[in-house]
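What follows is a single structure, written as structure tokens, with notes after it.
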Protein chains: 2
Amino acid sequence: MNIEQFRKAGYQAIDRICDYYYALEQSKFTVLPDVEPGYLRPLLPSTAPETGEEFSRIADDYEKFIVPGYTHWQHPSFLAYFPMGFSFEGILGDLYASSVSNPGFNWLASPSCTELESIVLDWASQMLGLSASFLNSSGVGGGCFQNTASEAALVVIIAARSTYKAAFPNTKLEDMRIYTTTQTHSLGLKAGMILGISVRALEVEERDNFALRGKTLRTAIEEDKSNGLHPFILIATVGTTSSGAIDNLAEIKTVVKDYPEIKIHIDAAWAGMALVCPEYREICYLKEINDFADSFSTNFHKWGLTNFDACPLWVRDRKSLVDALDITPPFLRTAQGDAGTVIDYRNWHLGLGRRYRSVKLWFVLRGYGVEGFQKHIRRAIELNQVFVNMVSSSDLLSFVTPPFLSLSVFRISPNVSPSTSTSNHGHSTFPADTLNDINKILFGRISARKDILLTQTILNGKFCIRLAVGSARTQESHIREAYEIVTHEAKLTMEAWEQMRIGA
Amino acid sequence: MNIEQFRKAGYQAIDRICDYYYALEQSKFTVLPDVEPGYLRPLLPSTAPETGEEFSRIADDYEKFIVPGYTHWQHPSFLAYFPMGFSFEGILGDLYASSVSNPGFNWLASPSCTELESIVLDWASQMLGLSASFLNSSGVGGGCFQNTASEAALVVIIAARSTYKAAFPNTKLEDMRIYTTTQTHSLGLKAGMILGISVRALEVEERDNFALRGKTLRTAIEEDKSNGLHPFILIATVGTTSSGAIDNLAEIKTVVKDYPEIKIHIDAAWAGMALVCPEYREICYLKEINDFADSFSTNFHKWGLTNFDACPLWVRDRKSLVDALDITPPFLRTAQGDAGTVIDYRNWHLGLGRRYRSVKLWFVLRGYGVEGFQKHIRRAIELNQVFVNMVSSSDLLSFVTPPFLSLSVFRISPNVSPSTSTSNHGHSTFPADTLNDINKILFGRISARKDILLTQTILNGKFCIRLAVGSARTQESHIREAYEIVTHEAKLTMEAWEQMRIGA
């Protein structure tokens, strides 16, 4: 394809993306595609073509075979997992970045890539209210993109392990321990599997809204230490994936003051974006994060309007990363790196090559401004409040844990006893297992629909359903519709259950 | 930005990318930018704007501040590191992928993303001549994208460690060993640092063109085993970054037959793409790879015409990855995953979310076809041969190791004795240190220029210079120009050295 053919195909791609977003706004697609596992293989040849094909044919096949298999994360009724960041500014940033195909592993590999990343992550850090210690301009701390929140956690665990081993050289890897809670994202357990290091998932209680308490942490540390084990990092969460739980950073701060060898990483992959609004900083423990966290990570590619992927990690001590990850073979040496006058970001992450993501975030931050981000966050929280108000007045549905920001976790918990089908408003007396079965049926019914997407979770044994708002295209009407669908399916679920009970 | 504003900004982006490539073809930029460390910060505001800005202003600032700081990897005179893959089909694939902002972590997250990846990596695998064991359609082996070759190696090391620990449960991590050679890319040593596992870099000899020999491997295994150590994986290379060395897979195959507990990963990040041409399959040990390698990785984002990033990893046993990396919290469970009828690619790599890269590779494979890939590879090798012929007839330059495919590693090694400045054609009698000093001066001179970019390396103590061909825009004229520049700088280097010698 020559330059003029690219111009033509590029215009067509832009037009087709516009068509796609008009279609999404008009709900011409359902959220979920109507395809079965294995749908694509029979539709495509089994090998690459021998000779090159016209691009117009390739582009048409994309429309014909690939688009119909998408789960549409930007659909207004996508309320599963967490929202996936999107903005037209983000697409444009990706487009410009892709056009220079740059691996950005050191300063010389493209000075502007490294320098823009360093600047734009300072912008982002300040916008979220992080302290000056986390700024690249501090020369001591700093921010850099990681591939995902999982990699961000992995990187700081590796750095913490390295720091700990330097301080206590005789420590065996087998005796080291990563701390998470039972509610921490699987990134904690996965890091343990990757590194071959044990993970202790600390217990949290429903009465604490699944937040880690200081006392639990202290007891675990003392217990492990007395057994010759070495806890060296805690992955604390502001806004868990499962239920939006916020570990009690005020209490944790008090505890870890007594154990300075234990590093603290804050994973705020989803909720961290709420820090852009001053009114959510206290509930998200911003002051404590700034006071004592060693590192902090949040995903602009979740609630932050930026196309996947855009996951910054900020650390208070960049040397901890470089000490653990720097390796410079002769073919990667540069005069600027040797002189120490530049950041070589390859030493801040796992791989060597790295994608050029700063231009995308730069476009998004400038296109929206701080006000635009605040508006986006507040809007999602307001929309969730619409859902919260409806569930609160429902006889059939109730919350399992208090809604947090734009996330609601709910289930069927009917105000009727299983022995009556009248509208008796007594407390639910269903046995726990029965309630779980009923809610699994409900989730199965909702999942069988293509017009909405929610996700399941389990909170201390209770099967429940998550609704996460945040797609830029979701309107109040979609939230009301989601509530109607859930209520409709819940009623059918209860009817079916009643039939089963009578039949049994 | 609304849809119509995006259309306008999108057209403009396409036009500007076209302008950029016309400018590159006409050499309107030098390869290296004319900027100093820290150039960008004073040019940009220190914080994100409070309110959103017009995109036209943002796009203009991109042209004004960011483009002038690029190292142009697609410049025809970029001959450093390895070429970074590029095609207009690749940009278009990235654009379509970005437009749906999809994290693709399981089948349900977008069926077409998972299914296209599974199909297109089978296409790629077949195009390279890999055996049917590595096909996703085998249901046993398979291919998936990793972020980089470093992550590919890391993932298979983790899987191998896990398999080994399952077979020999009492093995201490401290006693396990990763094998590389002294010429293996830093990805081997970095994996060791990340995992806290020791790495033994096996010696290779200049007389073997820096290839690992079977005897060296067997001696190391026996030595380590007798010391209670546990080698469990060898990272062998087809085409090292430093010098294009190819480990002797025929001999290695014979040795590891006796040690079935040691896994073999083949890193062919750069050279693997040559397998598309039947005439390079023997020299790259394709038969042996197919016979006994447990995993194989190559980068389509290097020599493979695909914009960064596009790094497939193929494994003979997908279960080894999933056993080591699968963790499924309730909020990630799906009916299809539970039924085992689909691939959930998140269990084949380190993170959870993953970029959607298959559409890009699909576009590139279809746009070029197998013939187009072969033409691209052969053209780069022919261009390197032009350089090889010129160096071969030079009095001043010589090769340190035989050129391989599109890579030449050379240095000043003048056919004159240091005691005379006449054109005496005797053998070079410069002491090794002096020759290194001279070549460092030469590389310093070349590096000070902005119109060409080469990289340095060190081969068993010899400082040398690498020239790697492969950018789609490099023509014979650029190679001849590169030779003229190198020769010009080499002459000036020798003159300067002579002056210094006389002065001293």
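Return a yes/no flag: does the range B:212-234 have any residue that is touching an Asp or Glu at 6+ places or on another chain (Cβ under 7 Å) and within 30 Å of residue B:344 (Cα to Cα). Yes, the range B:212-234 has at least one match. Residues in the range A:275-290 that are open to solvent by less than 60 Å² (accessible area, probe 1.4 Å) and not β-branched (Val, Ile, Thr): A:275, A:277, A:280, A:284, A:285, A:286, A:288, A:290. Within the range A:71-117, the set of residues being aromatic (Phe, Trp, Tyr), over 29 Å from residue A:470 (Cα atoms) and at pLDDT 95 or above is empty.
Of everything in the range A:75-95 that is more than 7 Å from chain B (Cβ to nearest Cβ) and hydrophobic (A, V, I, L, M, F, W, C), the residue that is surrounded by the fewest Cβ atoms within 10 Å (Cβ to Cβ) is A:80. Taking (1) open to solvent by less than 30 Å² (accessible area, probe 1.4 Å); (2) part of a loop (DSSP other than H, G, I, E, B); (3) under 22 Å from residue A:98 (Cβ atoms) in turn, residue B:13 satisfies each apart from (2). Scoring residue B:102 on the criteria (1) surrounded by 24 or more Cβ atoms within 10 Å (Cβ to Cβ); (2) more than 9 Å from chain A (Cβ to nearest Cβ); (3) part of a loop (DSSP other than H, G, I, E, B) leaves a single failure, condition (2).
Restricting attention to the range B:249-264, does a residue exist that is closer than 30 Å to residue A:39 by Cα, more than 13 Å from every other protein chain (Cβ to nearest Cβ) and modelled with pLDDT of 95 or more? Within the range B:249-264, none of the residues are closer than 30 Å to residue A:39 by Cα, more than 13 Å from every other protein chain (Cβ to nearest Cβ) and modelled with pLDDT of 95 or more.
Residues in the range A:336-363 that are in a loop (DSSP other than H, G, I, E, B) and within 7 Å of another protein chain (Cβ to nearest Cβ): A:341, A:342, A:350, A:351, A:352, A:353, A:355. Being closer than 30 Å to residue A:157 by Cβ and open to solvent by 30 Å² or more (accessible area, probe 1.4 Å) holds for only one residue in B:379, B:346, B:357, B:333, and it is B:333.
Would you please name the residue that is farthest from residue A:49 (Cα to Cα), looking only at residues in the range B:122-134 that are more than 9 Å from chain A (Cβ to nearest Cβ) and surrounded by 23 or more Cβ atoms within 10 Å (Cβ to Cβ)?
Looking only at the range B:122-134, we keep the residues that are more than 9 Å from chain A (Cβ to nearest Cβ), and these are B:125, B:128-134.
Then keep just the ones that are surrounded by 23 or more Cβ atoms within 10 Å (Cβ to Cβ); that gives B:125, B:128, B:130, B:134.
Working: B:125: 13, B:128: 13, B:130: 17, B:134: 20 Å.
Filtering the range B:122-134 for residues that are more than 9 Å from chain A (Cβ to nearest Cβ) and surrounded by 23 or more Cβ atoms within 10 Å (Cβ to Cβ), the one farthest from residue A:49 (Cα to Cα) comes out as B:134.
The set of residues from the range B:444-461 being crowded, with 17+ Cβ neighbours inside 10 Å, within 16 Å of residue B:34 (Cα to Cα) and without any contact (Cβ under 8 Å) to a residue 24 or more places away in the chain comprises just one member, B:447. So which residues in the range A:201-236 are assigned to a helix (DSSP H, G or I), open to solvent by 50 Å² or more (accessible area, probe 1.4 Å) and among the charged types (D, E, K, R)? A:206, A:207, A:215, A:218, A:222, A:223, A:225, listed by residue number. Counting only helices (runs of 4 or more DSSP H) wholly contained in the range B:108-200, the ones carrying 3 or more residues that are farther than 30 Å from residue B:306 by Cα and hydroxyl-bearing (Ser, Thr, Tyr) occupy B:149-167.
Residue pairs whose Cβ atoms lie under 8 Å apart, sitting 6 or more positions apart in sequence or on different chains, and linking a residue in the range A:1-13 that is in contact (Cβ under 8 Å) with a residue 24 or more places away in the chain and more than 8 Å from chain B (Cβ to nearest Cβ) to a partner that is assigned to a helix (DSSP H, G or I) and open to solvent by less than 80 Å² (accessible area, probe 1.4 Å), are A:12/A:56; A:12/A:59. Please tell me if residue A:304 is open to solvent by less than 10 Å² (accessible area, probe 1.4 Å) and not in a helix (DSSP H, G or I). So residue A:304 fits the description; yes.
Within the range A:140-148, can one find any residue that is in contact (Cβ under 8 Å) with a residue 40 or more places away in the chain, within 8 Å of another protein chain (Cβ to nearest Cβ) and among the aliphatic types (A, V, I, L, M)? No, the range A:140-148 has no match at all.
Which of the following residues is open to solvent by 10 Å² or more (accessible area, probe 1.4 Å) and either aromatic (Phe, Trp, Tyr) or more than 9 Å from chain A (Cβ to nearest Cβ) (or both): B:317, B:326? Write out each step before concluding.
On the way: B:326 fails: either aromatic (Phe, Trp, Tyr) or more than 9 Å from chain A (Cβ to nearest Cβ) (or both).
Checking each option against the conditions leaves just B:317.
Among the numbered conditions (1) under 32 Å from the mean Cα position of the chain (by Cα); (2) more than 8 Å from every other protein chain (Cβ to nearest Cβ); (3) touching a residue at least 24 places away in the same chain (Cβ under 8 Å), the only one that residue B:56 does not meet is (1).
Within the range A:440-461, restricting attention to residues that are outside any loop (DSSP other than H, G, I, E, B) and of a type in the set (D, E, K, R), which residue is farthest from residue A:413 (Cα to Cα)? Quick ask: steps written out before the conclusion?
From the range A:440-461, those outside any loop (DSSP other than H, G, I, E, B) are A:440-448, A:453, A:455-459; that's our starting set.
Filter again for of a type in the set (D, E, K, R), leaving A:440, A:445.
Details: A:440: 12, A:445: 16 Å.
Checked the range A:440-461; the qualifying residue farthest from residue A:413 (Cα to Cα) is A:445.
Whether a residue is touching a residue at least 24 places away in the same chain (Cβ under 8 Å), within 14 Å of chain B (Cβ to nearest Cβ) and basic (Lys, Arg) was assessed, and residue A:375 does not pass this test.
Would you check if there is a residue in the range A:386-406 being in contact (Cβ under 8 Å) with a residue 60 or more places away in the chain, assigned to a loop (DSSP other than H, G, I, E, B), at the interface with chain B (Cβ under 10 Å from one of its Cβ atoms) and not basic (Lys, Arg)? Please lay out each step first, then the result.
First pass over the range A:386-406, keeping only residues in contact (Cβ under 8 Å) with a residue 60 or more places away in the chain: A:386-387, A:390-391, A:394, A:396-397, A:400-406.
From what's left, assigned to a loop (DSSP other than H, G, I, E, B): A:394, A:396, A:400-403, A:405-406.
Filter once more, so that each one left must be at the interface with chain B (Cβ under 10 Å from one of its Cβ atoms): none.
The answer is no, given that none of the residues of the range A:386-406 is in contact (Cβ under 8 Å) with a residue 60 or more places away in the chain, assigned to a loop (DSSP other than H, G, I, E, B), at the interface with chain B (Cβ under 10 Å from one of its Cβ atoms) and not basic (Lys, Arg).
Just one residue in the set A:333, A:366 is in contact with a Lys or Arg (Cβ under 9 Å, 6 or more places away or on another chain) and either over 20 Å from residue A:111 (Cβ atoms) or within 14 Å of chain B (Cβ to nearest Cβ) (or both); that residue is A:366.
Of all residues being assigned to a helix (DSSP H, G or I), open to solvent by less than 60 Å² (accessible area, probe 1.4 Å) and more than 7 Å from chain A (Cβ to nearest Cβ) in the range B:16-53, which is modelled with the highest pLDDT? Just the residue, please. If you could, list the steps in order and put the result at the bottom.
The first filter runs over the range B:16-53 and keeps only residues assigned to a helix (DSSP H, G or I), leaving B:16-25, B:41-43.
Retained after the next criterion (residues that are open to solvent by less than 60 Å² (accessible area, probe 1.4 Å)): B:16-18, B:20-21, B:23-24.
With the extra rule that they be more than 7 Å from chain A (Cβ to nearest Cβ), the set shrinks to B:16, B:23-24.
Numbers: B:16: 98, B:23: 95, B:24: 93.
Only one residue tops the list, namely B:16.
Is it fair to say residue B:137 is at the interface with chain A (Cβ under 10 Å from one of its Cβ atoms), hydroxyl-bearing (Ser, Thr, Tyr) and either surrounded by fewer than 17 Cβ atoms within 10 Å (Cβ to Cβ) or more than 27 Å from the chain's Cα centre (by Cα) (or both)? When the stated conditions are applied, residue B:137 passes them. Consider residue B:294 carefully, then state whether it is within 13 Å of another protein chain (Cβ to nearest Cβ), among the acidic types (Asp, Glu) and either open to solvent by 10 Å² or more (accessible area, probe 1.4 Å) or closer than 25 Å to residue B:353 by Cβ (or both). No: the conditions fail for residue B:294.
Would you mind finding the one in B:244, B:239, B:196, B:272 that is surrounded by fewer than 24 Cβ atoms within 10 Å (Cβ to Cβ) and not polar (S, T, N, Q)? Step through it out loud before you land on a result.
Numbers: B:244 fails: surrounded by fewer than 24 Cβ atoms within 10 Å (Cβ to Cβ); B:239 fails: surrounded by fewer than 24 Cβ atoms within 10 Å (Cβ to Cβ); B:272 fails: surrounded by fewer than 24 Cβ atoms within 10 Å (Cβ to Cβ).
Sole residue among the options that is surrounded by fewer than 24 Cβ atoms within 10 Å (Cβ to Cβ) and not polar (S, T, N, Q): B:196.
For the range B:462-504, a tally of residues being outside any helix (DSSP H, G or I) and either without any contact (Cβ under 8 Å) to a residue 60 or more places away in the chain or closer than 19 Å to residue B:396 by Cα (or both) returns 7. Determine, yes or no, whether residue B:412 is within 29 Å of residue A:58 (Cα to Cα) and open to solvent by less than 30 Å² (accessible area, probe 1.4 Å). In short, no.
The values are calculated or read from the model by the stated rules, or taken from the named source; none is laboratory data. Since the model is a prediction, treat every value here as computed from it, not as a measurement. A quick note on method: Cβ atoms are made from the backbone with ideal geometry, for glycine too, and the neighbour counts reach across all protein chains shown. Surface accessibility is based on the protein's heavy atoms, side chains included, excluding ligands, DNA and RNA. Shrake-Rupley method; radii C 1.70, N 1.55, O 1.52, S 1.80 Å.
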